[in-house]
1. If you go through the range 19-37 one residue at a time, how many are assigned to a helix (DSSP H, G or I) and over 17 Å from the mean Cα position of the chain (by Cα)?
2. Looking only at residues in the range 60-73 that are under 20 Å from Ala49 (Cβ atoms) and of a type in the set (Gly, Ala, Ser), which one is surrounded by the most Cβ atoms within 10 Å (Cβ to Cβ)?
3. Among (1) in a helix (DSSP H, G or I); (2) more than 14 Å from the chain's Cα centre (by Cα), where does Ala49 come up short?
4. Is it the case, given these coordinates, that Glu88 is at pLDDT below 90 and either assigned to a helix (DSSP H, G or I) or in contact with a Ser or Thr (Cβ under 9 Å, 6 or more places away or on another chain) (or both)?
5. Of the conditions (1) in contact with a Phe, Trp or Tyr (Cβ under 7 Å, 6 or more places away or on another chain); (2) farther than 25 Å from Leu20 by Cβ, Leu69 satisfies every one except a single condition; which number is it?
6. When you go through (1) surrounded by 11 or more Cβ atoms within 10 Å (Cβ to Cβ); (2) of a type in the set (S, T, N, Q); (3) at pLDDT 85 or above one by one for Thr35, which number turns out not to apply?
7. Which of the residues spanning the range 75-92 are under 20 Å from the mean Cα position of the chain (by Cα), more than 13 Å from Ala51 (Cα to Cα) and among the hydrophobic types (A, V, I, L, M, F, W, C)?
8. For a quick check of your reading of the model, give me the residue pairs whose first member lies in the range 1-30 and is under 22 Å from Asn42 (Cα atoms) and of a type outside the set (S, T, N, Q), whose second is modelled with pLDDT of 85 or more and not in a helix (DSSP H, G or I), with beta-carbon atoms closer than 9 Å and at least 6 apart or on different chains.
Amino acid sequence: MVYGELALLSLFFGISQGSLSSYVPTLFPATIRGTATGFCFNVGRLFTATAVLFIGALTTALGGIGNALVVFSAAFLIAFGAVYLRSERAKE
């Protein structure tokens, strides 16, 4: 059972990484393709590292991980609202 689950996980992880590796570089002109692709693949690591440090500080300040996650998730709600409003404006 464990080997089957591991194979399924590997399949889906491989599909996502393979599709990103073949799709993202085509979005940029050849002169900046390497730099732009590297930036796109690694900017998430910068945000993740910042988020981990920020959650740690919020946990200490707010007295618990639950409170910190509620406050931190507000950024995602704001982004969702911005995308929604932008898509509504695009329909007009």
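1. Total meeting the criteria: 7.
2. Top of the filtered list is Ala68.
3. Answer for Ala49: the failing condition is (2).
4. Against the criterion (at pLDDT below 90 and either assigned to a helix (DSSP H, G or I) or in contact with a Ser or Thr (Cβ under 9 Å, 6 or more places away or on another chain) (or both)), Glu88 qualifies.
5. (1)
6. (1)
7. Leu77, Ile78, Ala79, Phe80, Ala82, Val83
8. Cβ pairs passing all conditions: none.
The values are calculated or read from the model by the stated rules, or taken from the named source; none is laboratory data. Values in this document were obtained by computation on a predicted structure and should not be read as measured data. Cβ coordinates were reconstructed from backbone atoms using ideal geometry, including for glycine residues, and neighbour counts include every protein chain displayed.
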